[in-house]
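Worksheet: one structure, shown below.
No lab work stands behind these numbers, since they all come straight from the coordinates. Everything numeric here is computed off the predicted structure, so don't read it as measured data. No Cβ is skipped: glycine too gets one built from the backbone with ideal geometry, and neighbour counts run over all protein chains shown.
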Amino acid sequence: MSSLRRGSAWWLWLLLALAVFAGQRWLLPGGEPVATDTATATSPAHAPAVAGGSLTAEQIAAGNAAIGKAYVARRGGLQVLGEGTVSRILPDDNEGSRHQRFLLRLDDGRTVLVAHNIDLAPRIGGLSAGERVAFYGVYEWNDKGGVIHWTHHDPRDRHEHGWLRHQGREYR
């Protein structure tokens, strides 16, 4: 009888361990799984500080290079810092979370779509083609050049906070 109990206990421990291991990602606060890309995970300090609210030429070049490499590799989920010139204002996307949308031409000639969540951050008012916009957000690959999103704070504080900067004002 004691060997049966030991055998049953072994199975119970195994089942418990498997349940804990398999369910770990669903046991986070808020009850939702959180995906983390270890290549882009950063500390909770969030968006990098930029003295004077302007990016340096080196930061812009590094951001453009990172986006260029990600585009060639067809890779997304990359946290990027950069700046470009607005080439076209697009209509807002009002399905689901509302997004202000515009095309941004980077200094290397690549064009990306910026999708800025205006349910979580203020819209850039009066934005026009030809104006410069700096960004800190997530690059997602597509065949048209890619999308920059997560340019806002995360109200759940689980994702790197992003921002847009235009004419000395920050939008997060």
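Express the C-alpha Rg of segment 51-171 as a ratio against the empirical globular expectation 2.2 N^0.38 Å, rounded to two decimals.
This ratio for segment 51-171 stands at 0.97.
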Projecting the Cα atoms of P91, V133, A115 onto the charge dipole of segment 84-141, where Lys and Arg contribute +1 and Asp and Glu -1 at Cβ, the residue farthest towards the positive end is V133
Segment 93-112 and segment 117-148 have their Cα centres apart by a whole-number Å value of 4
For segment 51-171, the charge dipole (Cβ of Lys, Arg +1; Cβ of Asp, Glu -1; about the Cα centre) points to a positive end, and the Cα of V80, L106, I148 closest to that extreme belongs to L106
